[in-house]
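Comments concern the structure below.
Every number in this text was worked out from the coordinates using simple rules, so none of it is lab data. In this text, all values refer to a predicted model and were calculated from it rather than measured experimentally. Cβ coordinates were reconstructed from backbone atoms using ideal geometry, including for glycine residues, and neighbour counts include every protein chain displayed.
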Amino acid sequence: MITINDNISIQDWEITEQFVRASGPGGQNVNKVSTKVSLRFEANRSPNLSAAVKARLKKIAGTKWTVDGAIIIQCDETRSQIRNREIAQDRLKDLIKKALVVPKRRRPTKPSRGAIERRLKSKKIRAEVKSLRSGKIE
């Protein structure tokens, strides 16, 4: 069981871990030991996450989100299977924590009257400079 915060924890049945051989340098270790971890979290079926959190999680996860509503996180950073497993679980925790934060709603604003007047004044001055350069006087 993975604990996210006081209210949310992920049960063992929601996570599937698969270990495969990692690529890259490492000599005999790479050829013999399955150190790469592929962690699959069934986010859509999780009873602990609300619909809003699942929607934000889908947006944050991006390409890690599958068609059937699971998140797949892969890690082959270290030569240790246990350490790679911990890193993958930490990444999952971070994703879920980011999804728990409700973004602030944007309030549309408009420029102040003074700002509008200053902008128009500077445009007028710039137009005068350009007209004087071209030789056309209005």
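Selection of the range 70-88 for residues being crowded, with 19+ Cβ neighbours inside 10 Å and within 13 Å of SER34 (Cβ to Cβ) yields CYS75, ASP76, ASN84. So, in the range 4-38, exactly how many residues are outside any loop (DSSP other than H, G, I, E, B) and either surrounded by 10 or more Cβ atoms within 10 Å (Cβ to Cβ) or of a type in the set (Phe, Trp, Tyr) (or both)? The number of residues fulfilling the criteria is 16. Of the residues making up the range 5-32, just one is more than 14 Å from PRO47 (Cα to Cα) and under 21 Å from the mean Cα position of the chain (by Cα), namely ASN5. LYS110 meets all of the listed conditions (1) surrounded by 10 or more Cβ atoms within 10 Å (Cβ to Cβ); (2) over 30 Å from ILE60 (Cβ atoms) but one, namely (1).
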